[in-house]
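Visitor: Pasting in a structure now, in structure tokens, and then I'll have a few things to ask.
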Amino acid sequence: MFYSKRYKLLHLTVLFYFILFEVTASNENLILQLKENIQYFIDFIASVREEREFQTLFMMQNFERFPYDSRIDFLVKLEKPKIILQKHQEVYIKSQINSEIFAVVLVLKEYDEKLFFNLAASIRYIRPVRVLVLAFFVKEQKKFRNSLLDFCEVNKIINLLVNFIETNVERNLIYYQLTPFPWFKWSMHSFNRKKNGKTLFYAPHWLNMQGKSLYTLPDQIEPRAMVYVDRSGQQVISGYLGKLLLQFAEMYNATLKFPFEVNAGEVIHSLKVENYTHSGILDVGMSMDFTFRNARWQGLSYPFELTNWGIMVPCSKLVHIADVFGLVLTWDLYLTLATLTMVLSIIQTLFQYVIKSRLLWIDIFLNDKILRGVLGQSFTMSYTAQVSLQLLYGVVFLIGLFNSALYSAHLKTLITTPTYQSHIKTFDELRNSKTKLLFDVGDKETLNAILPQELKKKLEGCMIFTNDTGAYQLNRKMLNISYSYTVTQGIWHAIQKQQKFFLRSVFCQPETLNFLDFMLMALPLQENSPYKEPLDNLILSIHAMGLLEAWSLQTFHDMVRQHKIPLTDTSEKMIHEPLKIEDLYWIWFLLIGGLLISFFIFIAEKVFNAVHVGSFD
């Protein structure tokens, strides 16, 4: 019996050591496999940095403490600045640090909706950021992937990988890559593929959108965007914005579409296109918005047009022949003649007093001889041997000859050559002129945002607002001189090209009438749009190659071919015609005015003579 107990004890001891040996061997094998798996993860991080270096590591989690895992341990020890958030925390990264970050989301057991909403809020406006989701011990992986896919599509996150961490180390080598084009889906890969050098972990998917529909809408404010129907009955998109988006679709393999029917020539205000875009109806608006409407650049592309915003006014008009005399007979002329007459009259009176001891005060203020002489007319004078008076009369003769010759030459020049009024150059002149400033009511908000209070008061009485954007654009395009209009530099350049076919410009755009001398305009995009990065890259390339000027010229040719703008010369022309009675308006005015003044002076003299002399003769 004792032997039996000893035998059993020995048997149990051997069995224990055997089991311990097996477990130890198994654990050593597991550790070796785990080390191999971690090496793949280390290689993965190195590959990510090789594709594009990141400056900051951003980590989020949905549990209070990290479970020990070699991957997490490696990330924490990585020599990079880190932002590590506790459970259900968020931070607006763009306002704090640079955008070159690598985000790692640690999820335990199941999909955490609040965690991923916090991720979306944290990487707001930096959607090109690369995201790695490490999901630990998730049982329903398919449900997790579906929920995460819906989240990425709604929040426009396109650079994301999911790696499920299990006890089965072989399955840990599998990851799921998000493919956003042409629709959001998962593609399964292994970390071994990068080892063979096949593909990128975070590929720029927008390089090939695989025919994805890109919804846009042209505002048809020419020459920015234009739609017309060609001979085959097909709608054609033109304008430098239209050519930009056509080039975008061709380069990145997208398909431009309109969300609803677009009629050629139907103008839509840019603010309406912007609202369509921000509400999600459009992916990118075929329009442009001023950057000051947005405190930041998040809702816009990279600036496509550097411009100014000002007023174009009708250029100066021809002066009618009847008004030429009004231009010659100015107050400066009257003042000059009066001054010369007064000075010469005083000199003549002093000479006569010294020579003849005779002083007539009336000769100082009303000397008919000096007045007629200064005007270049003849006058009677008694013979005198005094050299001083002879020199004085000689001076009066020369002054009268000079005045009459200058006046005659000036008058004939104004009558025989085109003479134009001065055009509006300042806001004060605009307010005092008969020309009203026509404004689209959609621009009222912009106007209130940029104009100082002083300038608003100056324009208060000369602005007319219209709700009809199409009529506003048509009046401006047809160069209706009944109003002044606001223009950006791109639109003004097209009007300048149009006016080159005219004998003389109809509209002018003085720099002194600019609301803003420096302004950036960009295309409206949805918030966190996945198209911002490729569109910005394309815009930079277009500016570098100078395509904007070429597209503007092509658009002008399209507008001419489609009869969108008139090339008929509407400028005012000088027509030489015989003088008519109404052309001598100022002559008749001066003649009748002079006769009336003479008549009243004659009556006044008779009355004065009757009162003081006693005779009315």
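Visitor: Of all residues in the range 428-486, count the ones that are among the polar types (S, T, N, Q), loosely packed, with under 14 Cβ neighbours inside 10 Å and outside any helix (DSSP H, G or I).
Guide: Residues meeting the conditions: 2.
Visitor: Given the conditions (1) open to solvent by less than 10 Å² (accessible area, probe 1.4 Å); (2) of a type in the set (D, E, K, R); (3) closer than 22 Å to residue 158 by Cα, which single one is not true for residue 71?
Guide: Only one criterion in (1) open to solvent by less than 10 Å² (accessible area, probe 1.4 Å); (2) of a type in the set (D, E, K, R); (3) closer than 22 Å to residue 158 by Cα is unmet by residue 71, namely (3).
Visitor: Just for the range 208-219: of the residues that are open to solvent by less than 10 Å² (accessible area, probe 1.4 Å) and not charged (D, E, K, R), which one is farthest from residue 305 (Cα to Cα)?
Guide: Across the range 208-219, the extreme among qualifying residues is 209.
Visitor: If you check 496, 526, which single one turns out to be modelled with pLDDT of 90 or more and over 24 Å from residue 283 (Cα atoms)? Steps first, please.
Guide: Values: 526 fails: over 24 Å from residue 283 (Cα atoms).
Checking each option against the conditions leaves just 496.
Visitor: Also, I was wondering about something else. Regarding residue 548, is this residue within 30 Å of residue 241 (Cα to Cα), hydrophobic (A, V, I, L, M, F, W, C), in a loop (DSSP other than H, G, I, E, B) and at pLDDT 75 or above?
Guide: It is false that residue 548 is within 30 Å of residue 241 (Cα to Cα), hydrophobic (A, V, I, L, M, F, W, C), in a loop (DSSP other than H, G, I, E, B) and at pLDDT 75 or above.
Visitor: May I pose another question? What residue, of 36, 50, is open to solvent by 50 Å² or more (accessible area, probe 1.4 Å), among the charged types (D, E, K, R) and at pLDDT 80 or above?
Guide: Result: 50 is the single residue among 36, 50 that is open to solvent by 50 Å² or more (accessible area, probe 1.4 Å), among the charged types (D, E, K, R) and at pLDDT 80 or above.
Visitor: If you don't mind, another one. Can you name the condition, by its number, that residue 274 falls short on among (1) open to solvent by 10 Å² or more (accessible area, probe 1.4 Å); (2) on the phi < 0 side of the Ramachandran plot; (3) in contact (Cβ under 8 Å) with a residue 12 or more places away in the chain; (4) in a loop (DSSP other than H, G, I, E, B)?
Guide: Here residue 274 clears every test but (4).
Visitor: Another question about this same structure. Scanning for something at pLDDT below 80, over 23 Å from the mean Cα position of the chain (by Cα), closer than 18 Å to residue 319 by Cβ and hydroxyl-bearing (Ser, Thr, Tyr), does the range 421-433 turn up at least one residue?
Guide: Taking every residue of the range 421-433 in turn, at least one turns out to be at pLDDT below 80, over 23 Å from the mean Cα position of the chain (by Cα), closer than 18 Å to residue 319 by Cβ and hydroxyl-bearing (Ser, Thr, Tyr).
Visitor: Residue 505 versus (1) in contact with a helix residue (DSSP H, G or I) (Cβ under 7 Å, 6 or more places away or on another chain); (2) of a type outside the set (A, V, I, L, M); (3) part of a helix (DSSP H, G or I): which is the lone unmet condition?
Guide: Just one mismatch for residue 505, condition (3).
Visitor: Take the range 226-257 and flag every residue that is open to solvent by 60 Å² or more (accessible area, probe 1.4 Å) and part of a loop (DSSP other than H, G, I, E, B).
Guide: Result: 231, 232, 234, 253.
Visitor: Report, by residue number, each residue of the range 399-427 that is open to solvent by 70 Å² or more (accessible area, probe 1.4 Å) and part of a helix (DSSP H, G or I).
Guide: Scanning the range 399-427 gives 401, 402, 406, 407, 410, 412, 413, 416.
Visitor: Can you tell me which residues in the range 97-117 are open to solvent by 10 Å² or more (accessible area, probe 1.4 Å) and in contact with a strand residue (DSSP E or B) (Cβ under 8 Å, 6 or more places away or on another chain)?
Guide: Listed by number, the residues that qualify are 97, 98, 100, 108, 109.
Visitor: Can you pull out every residue in the range 318-327 that is of a type in the set (A, V, I, L, M), part of a helix (DSSP H, G or I) and buried (at least 16 other Cβ atoms within 10 Å of the Cβ)? Break it down stepwise before answering.
Guide: As a first pass, look at the range 318-327 and keep what is of a type in the set (A, V, I, L, M): 318-319, 321-322, 324, 327.
After this cut, where a residue has to be part of a helix (DSSP H, G or I) as well, the list is 321-322, 324, 327.
Listed by number, the residues that qualify are 321, 322, 324.
The values are calculated or read from the model by the stated rules, or taken from the named source; none is laboratory data. Computed from a predicted model, the values in this text were never measured in an experiment. Positions of Cβ are backbone-derived with ideal geometry, glycine not excepted, and every protein chain shown enters the neighbour counts. With ligands, DNA and RNA removed, areas are computed over all heavy atoms of the protein, side chains included. Shrake-Rupley method; radii C 1.70, N 1.55, O 1.52, S 1.80 Å.
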